[in-house]
Every structure is written in structure tokens, then in C-alpha cells.
Amino acid sequence: MAFTEPEAKVLGALSNLDPAEALTVRQLGRATRLPETSIHRALLRLSRTGLAMGTLQGPARWRCTNRGRLAITRPVCREYAGTRP
């Protein structure tokens, strides 16, 4: 699966978290310097493909799945895996 730049940045930020941690859209915006609309679109596609998932706690928080952690380690995505929240 080919990622758009916003998808790669969002997944990279989420993949750097501990598996129990999650981020809000606002926190992802600070970490990636992307507008919220781009983050929402990226999260929608990532969640539909099983690479990220929302938590049940409010406000909405997002975390990377194991599949997402594996996908972001591909050589073409490595530059985004270093995006720290």
C-alpha cells in the first residue's frame, strides 16, 4: 500500500508511541505540523486499512496497530518513522 505524505507522517508519529499510548488529532497536528483536515483524512484511511485505530475513551485518541508498526518500517517510509509527538 502506498501512503500519501500525511498518512506516512501520521502513522510515523503513532508508531513511535508505546502500544498503550494514544494521541488526539490536535496532538498529531503538533507532532506532524499538518492541518487537522489532513490528519482526519489520513486517520480515516489508516483505520479503514487496519493500520491505526481509535480508542473508546473521549476525546477521540488514536494509536497504531501492530500492522501499522510493521508497515511504517518499510524502507520507503523510514524517514517518517522518526516523527516524534
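Roughly speaking, what is the stretch gain from GLN57 to ALA2, that is 0.36 nm per residue apart minus the C-alpha to C-alpha distance, in nm to one decimal? Don't skip to the answer; put the middle values down first.
Working: separation 55, 0.36 × 55 = 19.80 nm, distance 2.99 nm.
That pair, GLN57 and ALA2, stretches by 16.8 nm at full extension.
Where nothing but the Cβ of Lys and Arg (+1) and of Asp and Glu (-1) is charged, how large is the charge dipole of the chain around its Cα centre, in debye to the nearest 20?
40
Expressed as a whole percent, how much of the Cα-Cα distance distribution for the chain exceeds 17 Å?
Taking all Cα-Cα pairs of the chain, the fraction more than 17 Å apart is 34 percent.
Enter the per residue convex hull volume of the stretch 3-51, computed from alpha-carbon coordinates, in Å³ rounded to the nearest integer.
Numbers: hull volume 3.3 nm³, N = 49.
Once divided by residue count, the hull of the stretch 3-51 is 66 Å³.
Express in nm, to one decimal, how much length is gained between THR49 and GLU21 on full extension, taking 0.36 nm for each residue of separation and deducting their alpha carbon distance.
Full extension from THR49 to GLU21 adds 8.1 nm.
FYI, it's all coordinate maths here, none of it is from the lab. Remember, it's a predicted structure, so these values are computed and weren't measured experimentally. All Cβ positions, glycine included, derive from the backbone under ideal geometry; neighbour counts span all protein chains shown.
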